[in-house]
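Chemist: One structure, pasted below without further comment.
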Protein chains: 2
Amino acid sequence: MKRPTIADIARRAGVSKGAVSYALNGQPGVSEATRKRILAIAQEIGFNANSAARALSGARARAVGLTLCRPARILGIEPWFMGLISGFEAELGAQSYALTLQVVATPEQEIEVYRRWWGERRIDGVIVTDIREGDVRIPVLQQLQLPAVVIGGPGDTGSIAQIWSDDAGAITEAVRYLVALGHTRIARVSGVPDLLHTQVRTKAFNEICASLGLDNVITVPADYTGEEGSRATRRLLIGGDRPSAIIYDNDVMAVAGLAVAQEMGLAVPGDLSIVAWDDSPLCSLVHPPLTALSRDISAYGAQAARELLNAIDGKRVGNVEAGRVHLTPRGSTAPPR
Amino acid sequence: MKRPTIADIARRAGVSKGAVSYALNGQPGVSEATRKRILAIAQEIGFNANSAARALSGARARAVGLTLCRPARILGIEPWFMGLISGFEAELGAQSYALTLQVVATPEQEIEVYRRWWGERRIDGVIVTDIREGDVRIPVLQQLQLPAVVIGGPGDTGSIAQIWSDDAGAITEAVRYLVALGHTRIARVSGVPDLLHTQVRTKAFNEICASLGLDNVITVPADYTGEEGSRATRRLLIGGDRPSAIIYDNDVMAVAGLAVAQEMGLAVPGDLSIVAWDDSPLCSLVHPPLTALSRDISAYGAQAARELLNAIDGKRVGNVEAGRVHLTPRGSTAPPR
DNA sequence: GTAAGTCACTGAACCGGGTAAGTTTCAGCG
DNA sequence: CGCTGAAACTTACCCGGTTCAGTGACTTAC
């Protein structure tokens, strides 16, 4: 089956290629009557502009890129990325932008991908996740002048836009809630320590605990995987001064922690309260369902996509706080026995 | 920053654009010495061929498409798609093909996306999942002559290649295992009934149960979500003749089922044995860890990508059975009390 | 009545690669 | 020595859009 081109439309409408291009793009330069005729023909023969030709002349590829820099086995189970992706899609699809995905192993490899994409003119902009302090990707993106939006922060990203949620406020709320329930020995199992949002959370966690006079606080670093979540939990529960509540930096580790507690014969929430970060169906799936810090990840992704499209259009975008994080109490938290 | 083009290379090497093109693509027509010089210059200035220009002349977009037709909230939690995607990537990345993703709501919308991608020449081929009997997408793909690979089957997909795993053998193995443990009342919570692989599984399940003389078998249809998994489980456990073992068509529903059993005060595996389909970290995360029908989803995806690239290259690809499904016994199965 | 301006449209250049066809150079050979 | 033929290039056009500089025709203004 042959693909129709604007030349085909031009022939059938009895006008030049240029006129067809103006008509299809809503540009001035054709009469309303001609435009309607051309649009009707395009519709009739099922015309879609060749994206390569368009990108070649018009500079826009109408695609954005996303790299996923986590091992496959975490990617699969963490609802976070898929939530984000479906949020992007909602926004990108509406503007008929495509989303190009690439799984990478290291930030260096990620930079390589950015360079390649840029050189190939394959994408108009990128969404950057898992931002670290002094992230090596930022200067590269600035040098390439590749429109970008960073998810996570707030931090120093120079001229590149940022979308972030109030992690500090969220963890403060969680701690206050646990303290109100009567907990005094609160521990935390964090994500990868050099990620920016982990640092933000850790700082806020230490501050609120200090200000509430809790002295027995500890943060065990982990890496978002179930295995590490189990290990960290075991370490915390074996110790002499066992915590009565644990806050986890993601849902997967929280579920793993729950399993460890049950395995050790501890009742949840009787002997141990559990709070998960990022509410996903996973949290309501287990028994007892997990109290979680919820935010609308899809909306977050949609917002990021919107900002990126703005950046691509040359509009200045800044530092945006998106969505509210709120505590959703469920069965995994209660006053300590 | 200006993007280097072959014209830049040509100027610096003192040859024509054509010679550069031949050199870069490993075509005959340039001497070995010149080729080396050109490649060195390309390397030095960080040249990447403009994908639009290449696609425009050469017909290859060097990208493949994947549509995800599930509601966002399932997409997020089901490890299946992400596993598949990372498998694709491993293969596509090696051939420097890009993966373009689109989330859709219905098969009809999916067809629209295929048509658009085809018209835009944005992709060279597509990977089709969630195949149904008499799937409406198949004839469209054939009409467009869009290279494609169907994941799932075996079924009737005409000239389009299929990758499938031996679901019938797997469920047979699971039932035999449960019977060997002493179970006689085995139930099943299935996925969406009109998906082809659900039908294959249901048929095989009924056959093996009949041949082993089990008469109390029942399959409750669900939709892969935790909610439906819970509901189906509750229905099965409330009934008079409670099953002593349940096989679930995915891991999410199995975990939900486990939670329901615990909530109802049933011991797993003492009062109820549970088998999950598609082993993911989720299965080892919960307590007790779930016995599962495992297969290497990434490898499955990589295989599919390989077949698709073959199809794009015009090689005939047929009906491939990929990977082995095997039972991984864990703590959720035991002889009935 | 004519100069100026607007509108609707055409023609051609252009984006950056790929590639068929043509040209030059040179080794090999009778 | 002249012819053949292949290697090593160059030239020029193609892909399918976008866009800019025209070009008539027709309106408006003084």
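The values are calculated or read from the model by the stated rules, or taken from the named source; none is laboratory data. For clarity, every value in this text was computed on a predicted model and none was experimentally measured. When we count neighbours, we look across all protein chains shown, and the Cβ atoms used for this are built from the backbone with ideal geometry, even at glycine.
Chemist: For segment B:230-243, which positions are under 21 Å from B:Asn206 (Cβ atoms) and buried (at least 19 other Cβ atoms within 10 Å of the Cβ)?
Modeler: B:Ala232, B:Thr233, B:Leu236, B:Pro243, listed by residue number.
Chemist: Let me ask you something else. Mind listing whichever residues of segment A:1-37 are of a type outside the set (A, V, I, L, M) and more than 12 Å from DNA strand D (Cβ to nearest atom)?
Modeler: Across segment A:1-37, the qualifying residues are A:Arg12, A:Gly14, A:Glu32, A:Thr34, A:Arg35, A:Lys36, A:Arg37.
Chemist: Could you list, ordered by first residue, the pairs with Cβ atoms under 8 Å in which the first is in segment A:49-68 and more than 9 Å from every other protein chain (Cβ to nearest Cβ) and the second is at pLDDT 90 or above and within 12 Å of DNA strand C (Cβ to nearest atom), at least 6 apart or interchain?
Modeler: A:Arg60/A:Arg54
Chemist: When the residues of segment B:182-228 are narrowed to those that are in a loop (DSSP other than H, G, I, E, B) and of a type in the set (Gly, Ala, Ser), which ends up surrounded by the most Cβ atoms within 10 Å (Cβ to Cβ)?
Modeler: Only one residue tops the list, namely B:Ala222.
Chemist: Would a scan of segment A:80-92 turn up a residue that is in contact with a Ser or Thr (Cβ under 9 Å, 6 or more places away or on another chain), within 7 Å of another protein chain (Cβ to nearest Cβ), closer than 19 Å to A:Glu228 by Cα and at pLDDT below 90?
Modeler: Checked segment A:80-92: no residue is in contact with a Ser or Thr (Cβ under 9 Å, 6 or more places away or on another chain), within 7 Å of another protein chain (Cβ to nearest Cβ), closer than 19 Å to A:Glu228 by Cα and at pLDDT below 90.
Chemist: So is A:Ile45 more than 30 Å from A:Trp118 (Cα to Cα), in contact (Cβ under 8 Å) with a residue 24 or more places away in the chain and within 13 Å of DNA strand D (Cβ to nearest atom) or not?
Modeler: For A:Ile45, the condition - more than 30 Å from A:Trp118 (Cα to Cα), in contact (Cβ under 8 Å) with a residue 24 or more places away in the chain and within 13 Å of DNA strand D (Cβ to nearest atom) - is met.
Chemist: Next question, about the same structure. For A:Glu227, which of the numbered conditions (1) acidic (Asp, Glu); (2) within 23 Å of the chain's Cα centre (by Cα); (3) closer than 30 Å to A:Thr157 by Cα fails to hold?
Modeler: Just one mismatch for A:Glu227, condition (3).
Chemist: Also, I was wondering about something else. Please work out which residue is surrounded by the most Cβ atoms within 10 Å (Cβ to Cβ), limiting yourself to segment A:145-160 and to residues that are modelled with pLDDT under 90 and not β-branched (Val, Ile, Thr).
Modeler: A:Gly152
Chemist: Next up: Restricting to segment A:246-266, count the residues that are hydrophobic (A, V, I, L, M, F, W, C) and either more than 12 Å from chain B (Cβ to nearest Cβ) or touching a strand residue (DSSP E or B) at 6+ places or on another chain (Cβ under 8 Å) (or both).
Modeler: 7
Chemist: Can you find, within segment A:28-54, the residue that is farthest from DNA strand C (Cβ to nearest atom) among those that are farther than 26 Å from A:Arg122 by Cβ and among the polar types (S, T, N, Q)?
Modeler: A:Gln43
Chemist: OK, next. Could you say whether any residue in segment B:164-181 is of a type outside the set (Gly, Ala, Ser) and more than 22 Å from B:Ile247 (Cα to Cα)?
Modeler: no
Chemist: Residues in segment A:186-207: is at least one in contact with a Leu (Cβ under 6 Å, 6 or more places away or on another chain) and in contact (Cβ under 8 Å) with a residue 40 or more places away in the chain?
Modeler: Yes, segment A:186-207 contains a residue that is in contact with a Leu (Cβ under 6 Å, 6 or more places away or on another chain) and in contact (Cβ under 8 Å) with a residue 40 or more places away in the chain.
Chemist: When you check A:Arg60 against the structure, is it under 25 Å from A:Arg306 (Cα atoms) and more than 8 Å from DNA strand C (Cβ to nearest atom), yes or no?
Modeler: Against the criterion (under 25 Å from A:Arg306 (Cα atoms) and more than 8 Å from DNA strand C (Cβ to nearest atom)), A:Arg60 qualifies.
Chemist: Take the residues of segment A:290-309 that are away from chain B (no Cβ under 14 Å) and not acidic (Asp, Glu): which is farthest from A:Ser273 (Cα to Cα)?
Modeler: A:Leu309
Chemist: I'm trying to understand the selection: among the residues of segment A:8-36, which are aliphatic (A, V, I, L, M) and away from every other protein chain (no Cβ under 14 Å)?
Modeler: A:Ala10, A:Ala13, A:Val15, A:Ala19, A:Val20, A:Ala23, A:Val30, A:Ala33
Chemist: Here's another thing I want to ask about it. B:Asp223 - would you say it is touching a Cys at 6+ places or on another chain (Cβ under 6 Å) and of a type in the set (Asp, Glu)?
Modeler: no
Chemist: Related question: Return yes when B:Arg176 is in contact with a strand residue (DSSP E or B) (Cβ under 8 Å, 6 or more places away or on another chain), touching a residue at least 24 places away in the same chain (Cβ under 8 Å) and surrounded by fewer than 21 Cβ atoms within 10 Å (Cβ to Cβ) and no when it is not.
Modeler: When the stated conditions are applied, B:Arg176 does not pass them.
Chemist: When B:Trp118 is evaluated against the numbered criteria (1) more than 30 Å from B:Ala13 (Cβ to Cβ); (2) surrounded by fewer than 22 Cβ atoms within 10 Å (Cβ to Cβ); (3) within 14 Å of DNA strand D (Cβ to nearest atom), which criterion, by number, is the only one it fails?
Modeler: The number of the failed condition is (2).
Chemist: Please pick out the residue among B:Glu112, B:Glu91, B:Glu120 that is under 25 Å from A:Val64 (Cβ atoms) and touching a Lys or Arg at 6+ places or on another chain (Cβ under 6 Å).
Modeler: Selected residue: B:Glu91, the only one of B:Glu112, B:Glu91, B:Glu120 that is under 25 Å from A:Val64 (Cβ atoms) and touching a Lys or Arg at 6+ places or on another chain (Cβ under 6 Å).
Chemist: Among the residues of segment B:13-25, count how many are touching a helix residue (DSSP H, G or I) at 6+ places or on another chain (Cβ under 8 Å) and surrounded by fewer than 17 Cβ atoms within 10 Å (Cβ to Cβ).
Modeler: 2
Chemist: Would you pick out the residues in segment B:55-88 that are surrounded by fewer than 23 Cβ atoms within 10 Å (Cβ to Cβ) and more than 15 Å from the chain's Cα centre (by Cα)?
Modeler: Of everything in segment B:55-88, those that are surrounded by fewer than 23 Cβ atoms within 10 Å (Cβ to Cβ) and more than 15 Å from the chain's Cα centre (by Cα) turn out to be B:Leu56, B:Ser57, B:Gly58, B:Ala59, B:Arg60, B:Arg62, B:Pro71, B:Ala72, B:Arg73.
Chemist: Is it the case that segment A:121-134 has a residue that's away from chain B (no Cβ under 14 Å), farther than 23 Å from A:Trp80 by Cα and out of contact with any helix residue (DSSP H, G or I) (no Cβ under 6 Å at 6 or more places or on another chain)?
Modeler: Scanning segment A:121-134, I find at least one residue that is away from chain B (no Cβ under 14 Å), farther than 23 Å from A:Trp80 by Cα and out of contact with any helix residue (DSSP H, G or I) (no Cβ under 6 Å at 6 or more places or on another chain), so the answer is yes.
Chemist: Name the residues in segment A:244-257 that are at pLDDT 95 or above, outside any helix (DSSP H, G or I) and surrounded by 24 or more Cβ atoms within 10 Å (Cβ to Cβ), would you?
Modeler: A:Ala245, A:Ile246, A:Ile247, A:Tyr248, A:Asp249
Chemist: Counting only residues that are over 28 Å from B:Ile127 (Cβ atoms) and either surrounded by fewer than 24 Cβ atoms within 10 Å (Cβ to Cβ) or among the polar types (S, T, N, Q) (or both), how many does segment B:285-305 have?
Modeler: 4
Chemist: Scan (1) surrounded by fewer than 24 Cβ atoms within 10 Å (Cβ to Cβ); (2) under 14 Å from the mean Cα position of the chain (by Cα); (3) not basic (Lys, Arg) for the single condition A:Gly93 breaks and write down its number.
Modeler: Single failed check for A:Gly93: (2).
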